[in-house]
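Quick note: the coordinates plus some simple rules give every number you see, no bench work behind them. Remember, it's a predicted structure, so these values are computed and weren't measured experimentally. Note that each Cβ is placed from the backbone with ideal geometry, even for glycine, and that neighbours are counted across all protein chains shown.
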């Protein structure tokens with residue numbers, strides 16, 4: 001026999017299709033601003049959250065990670081992978097999904113795709129931090145690495161920081177052409193560059209986002225002058241960096257969660273006691289951000305679970321008004337909570 005699931009058995013599920021519809025319904029730039037607002041709210045209550053470095057399973061091909069956190073009322077986690085070789089096989093480098101649950105009962109309250117949502121929240125976080133740290137009235141960004149994240153980063157900087165021009169560079173010319181085509185008509189001046197040096201000319205914000213899992217020097221020391229903000233988002237696991245160590249020594253460094261960033265970020269190249277400032281401290285006024293026009297600020301961004309929690313919380317708050325989800329029969333709900341086997345038996349077809 002077929003049984004109809006009760007309301008207690010159903011969990012809202014946001015598919016890739018629903019996520020795309022949600023982004024278009026809200027508008028990509030408005031959603032990026034909304035995500036940034038939620039991330040800021042949660043960073044301002046940083047002390048309430050459980051915090052732990054992500055649980056990572058590394059292999060020669062890539063990494064698979066779990067990113068958990070809780071504010072005491074709601075628990076959240078994200079599953080995410082990073083496999084740079086995947087694009088050569090027609091697959092995404094990064095895929096993800098996430099879940100929110102009620103701490104009081106342990107019951108899930110949202111399951112969502114997070115491949116698109118991670119791209120949105122990463123870009124929203126970058127732009128939120130750039131708004132705090134970049135030189136005033138920054139209008140030009142160099143986007144070095146023109147893969148799947150590049151358009152999101154650029155659009156977030158436009159929506160949140162007022163960016164007007166992006167200068168693109170990638171070792172793969174086809175990636176640059178793809179990015180330029182996708183950004184056409186979105187209100188930005190887009191310049192395709194043939195070298196990283198050309199891309200950073202006149203840029204107040206420099207974003208690096210490459211995928212290769214190796215120590216790399218995407219930016220050398222002589223490429224970086226004073227008075228810029230570097231948004232380094234490509235280095236996100238042990239053995240993977242993008243910046244020359246000398247740049248780090250000249251920069252004021254800002255991070256999400258030091259215990260994670262010292263293992264995975266650009267600062268894995270530095271001594272364990274090298275001073276860094278946590279972004280939540282700048283948002284709450286506990287620490288200074290940019291102190292002078294000549295300063296080099298560096299956001300050593302590796303992504304942290306609270307950002308995913310914020311993004312899932314934002315999505316959950318949009319569902320009732322939009323209906324962009326599927327009620328997934330995910331939880332067993334026997335009439336008698338102690339009689340799970342009886343529920344199974346009664347569902348048997350005669």
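Here are a few things to note about the model shown:
- Compactness of the chain as Cα Rg over 2.2 N^0.38 Å, two decimals: 1.05
- When DSSP beta bridges are restricted to pairs lying wholly in the range 126-303, around 5% turn out antiparallel.
- Between 323, 90, 147, the Gaussian network model of the chain with springs among Cα atoms under 10 angstrom shows the greatest mean-square fluctuation at 90.
- Inter-probe distance in nm under a simple model that places probes 7 Å from Cα toward Cβ, at residue 326 and residue 221: 5.5 nm
- Calculated FRET value between residue 291 and residue 66, using beta carbons and R₀ = 41 Å, to 0.05: 0.65
- Placing one equal scatterer on every Cα of the range 122-227 and applying the Debye formula, the log10 ratio I(q)/I(0) at q = 0.19 Å⁻¹ is -0.92.
- Shape class for the range 220-293, computed from the alpha carbon gyration tensor (a ≥ b ≥ c): oblate, with a/c not under 1.5 and a/b at or below b/c.
- Listed by Cβ neighbour count within 10 Å, with the fewest neighbours leading, 43, 77 appear as 77, 43.
- Length gained when the stretch residue 172-residue 333 is fully extended (0.36 nm per residue, less Cα-Cα span): 52.7 nm
- Net length available on complete extension from residue 21 to residue 181 is 55.4 nm, with 0.36 nm assigned per residue and the Cα-Cα distance removed.
- Expressed to the nearest 5 percent, the antiparallel share of DSSP beta bridges inside the chain is 50 percent.
- Per-residue ellipticity at 222 nm, computed for the chain from helices alone with -39500 (n - 2.57) per DSSP H run of at least four residues, works out to -10000 deg cm²/dmol.
- Förster radius 51 Å - calculated FRET efficiency between residue 284 and residue 348 (Cβ-Cβ, nearest 0.05): 0.35
- Modelled this way, with points 7 Å down the Cα-to-C-beta line, the labels at residue 10 and residue 340 are 2.3 nm from one another.
- Potential extension, residue 137-residue 37 segment - 0.36 nm per residue separation minus Cα distance: 34.0 nm
- Gyration tensor (alpha-carbon) shape descriptor, the range 26-69, a/c threshold 1.5: oblate
- Overall form of the range 75-165 per C-alpha gyration tensor (a/c, 1.5; a/b vs b/c): oblate
- Shown for 109, 55: other C-beta atoms within 10 Å of each C-beta, ranked fewest to most, produce the order 55, 109.
- Angle of helix 150-161 to the longest C-alpha principal axis of the chain, folded into 0 to 90 degrees and rounded to 10: 80°.
- Extending 7 Å from Cα along the Cβ direction at residue 319 and again at residue 85 yields two label points whose distance is 3.7 nm.
- To the nearest ten degrees, helix 173-183 and the longest principal axis of the Cα atoms of the chain are 70 degrees apart.
- For the range 20-147, convex hull of alpha carbons as volume per residue, Å³: 155 Å³
- Of the residues 8, 158, 51, the one with the fewest other Cβ atoms within 10 Å heads the list, and the complete ranking is 8, 51, 158.
- Hydrodynamic radius of the range 126-303 per Kirkwood, over alpha carbon pairs, in Å: 16.0 Å
- C-alpha long axis of helix 305-322 to longest principal axis of the chain, angle in °: 60 degrees
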